[in-house]
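What follows is one structure encoded as structure tokens, with my remarks underneath.
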Amino acid sequence: MRICHVVGARPNFMKAAPVIRALSAYPVKQIVVHTGQHYDFNMSEAFFQQLGMPAPDINLQVGSDTHAQQTAQIMSRFEPVLLDTKPDLVIVYGDVNSTVAAALVCSKRMIRIAHVEAGLRSFDRTMPEEINRLLTDQLSDLLFTPSEDGNLNLAREGISCEKVFFVGNVMIDTLASMLPETEGRLLPDLPKKYALVTLHRPSNVDELDWLALLLSSLEKASRELAFIFPVHPRTRQKMTELGIKPNGKGNIRFLEPLPYLEFLALQKHAIIVITDSGGIQEETTYLGIPCLTVRENTERPITLSMGTNTLVGRDTSRLIKEINRVLDQPRKRQGIPPLWDGHAAERIARVIMRGESCMPERETPLPAELHGASPREKPDQCGQTTRASGGS
Ligand code: UD1
């Protein structure tokens, strides 16, 4: 069996790493294709090194461009790779342009697609990622969800629950296994208490008036608490357009994007995290660090219901109020979401390897705990009535 992993942007790497590792226990040939959507050392290669991932077999080197150009470039450069390497299955990750581009090529070439982190929905189609999620899920043959809300979303969209597997969160697999290695990685000269900030969503950084307002609110808040802000290249560009110089804003320390372990160490020791990233909402939930998300919605509602995440929307006075509230009374998580236990990738590997020998007509049913939509919502369609529950 030949399996091709397609990765392209920073949040893909920590999702693919544990899946590649789990599949290496089986007799499969694995090929890693990097689309080149992210290309700076700290946005890409540093992650491969720290996560112990094999170097990509192929780099499509698409680089940055408009969404249409970037997606089109990935498609036209990926197709010959597919024809040449002839994988039995292509695994795509998350919701970036590389994810949907690869899925589209595979679907036209009748190559099976597995989507890791399927089913998440913000219900906000102004987000490019939401479009990527919707399309990728429609095209995929195996859909691996990180939380049960994903199964319900997919069922609502008419996706057969036969294809859907609630496996847990692969990003947490990486976090849990790498956490001990953050020891000694904390940046020097850090204040004892600090807030960690990341902002890169188009909705926050592309509109300069809003970005300026957001940064000046953080600057005011930084009179009470130091802020550490590793700046995404997209945000850096916009700050340059606004004429904001590095470290020209109060007690905010702007940094270059950080490698995985250094960033994780910063998260672990932060008093509060302010972000618009999807993955960081999940990581703070696992770590139990209060998180304020500068967005109107989230595709990861479990971080609100069980975790430490609070949505503050596009409202700077709410943001400041919530920062003060957290400092007075930090929000505690209710628990760690089901199957965020460090073993999601092993479950994915088991489904793929079991599925290979039995699909399309399965002789041996897959373990019930790995299968289908939540039986509370869709009991009959799947013929499975055992609810997925912790660890396996
Ligand atoms: C992409 C993903 C987003 C994800 C984010 C993580 C899409 C639609 N968006 O957004 O979901 O949360 O990655 O970082 O796929 N740039 C560099 N060096 C790099 C990469 C980018 O300088 O290595 C600059 C370029 O000027 C580029 C801009 O950042 O135009 C944006 O990069 P792009 O890949 O288009 O989107 P992200 O904002 O990174």
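For segment 5-22, the criterion of a residue being more than 16 Å from the ligand (Cβ to nearest atom) and open to solvent by 60 Å² or more (accessible area, probe 1.4 Å) is satisfied by at least one position.
Which residues, taken from segment 106-121, are open to solvent by less than 10 Å² (accessible area, probe 1.4 Å) and either farther than 17 Å from residue 152 by Cα or in contact (Cβ under 8 Å) with a residue 40 or more places away in the chain (or both)?
Let us first name the residues in segment 106-121 that are open to solvent by less than 10 Å² (accessible area, probe 1.4 Å), namely 106, 113-116, 118-121.
Passing the criteria: 106, 113, 114, 116, 118, 119, 120, 121.
For segment 254-274, filtered to residues that are in a strand (DSSP E or B) and closer than 21 Å to residue 40 by Cα, the residue that is least open to solvent (accessible area, probe 1.4 Å) is 254.
Residues in segment 91-103: is at least one assigned to a helix (DSSP H, G or I), closer than 18 Å to residue 258 by Cα, away from the ligand (no atom under 12 Å from the Cβ) and in contact (Cβ under 8 Å) with a residue 24 or more places away in the chain? No.
If the condition is being outside any loop (DSSP other than H, G, I, E, B) and open to solvent by 10 Å² or more (accessible area, probe 1.4 Å), then segment 122-152 contributes 128, 129, 131, 132, 134, 135, 138, 139, 148, 149, 152.
Among the residues of segment 31-62 satisfying the criterion of being β-branched (Val, Ile, Thr) and assigned to a loop (DSSP other than H, G, I, E, B), which is most open to solvent (accessible area, probe 1.4 Å)?
Quick first cut of segment 31-62, residues β-branched (Val, Ile, Thr) only: 31-33, 35, 58, 62.
Still in the list and also assigned to a loop (DSSP other than H, G, I, E, B): 35, 62.
On the way: 35: 1, 62: 22 Å².
Applying the filter and picking the extreme gives 62.
Taking the criterion of being among the basic types (Lys, Arg) and either surrounded by 21 or more Cβ atoms within 10 Å (Cβ to Cβ) or assigned to a loop (DSSP other than H, G, I, E, B) (or both), the only residue of segment 220-235 that qualifies is 223. Do we find a residue being open to solvent by 10 Å² or more (accessible area, probe 1.4 Å) and free of Cβ contacts under 8 Å to residues at least 40 places away in the same chain anywhere in segment 164-177? Taking every residue of segment 164-177 in turn, none turns out to be open to solvent by 10 Å² or more (accessible area, probe 1.4 Å) and free of Cβ contacts under 8 Å to residues at least 40 places away in the same chain.
The values are calculated or read from the model by the stated rules, or taken from the named source; none is laboratory data. Just so it is clear, the model here is predicted, and its values are computed rather than measured. Glycine gets a Cβ as well: all are built from the backbone with ideal geometry, and neighbour counts include every protein chain shown. To get the accessible areas, we keep the full protein, side chains included, count just its heavy atoms, and leave off ligands, DNA and RNA. Shrake-Rupley method; radii C 1.70, N 1.55, O 1.52, S 1.80 Å.
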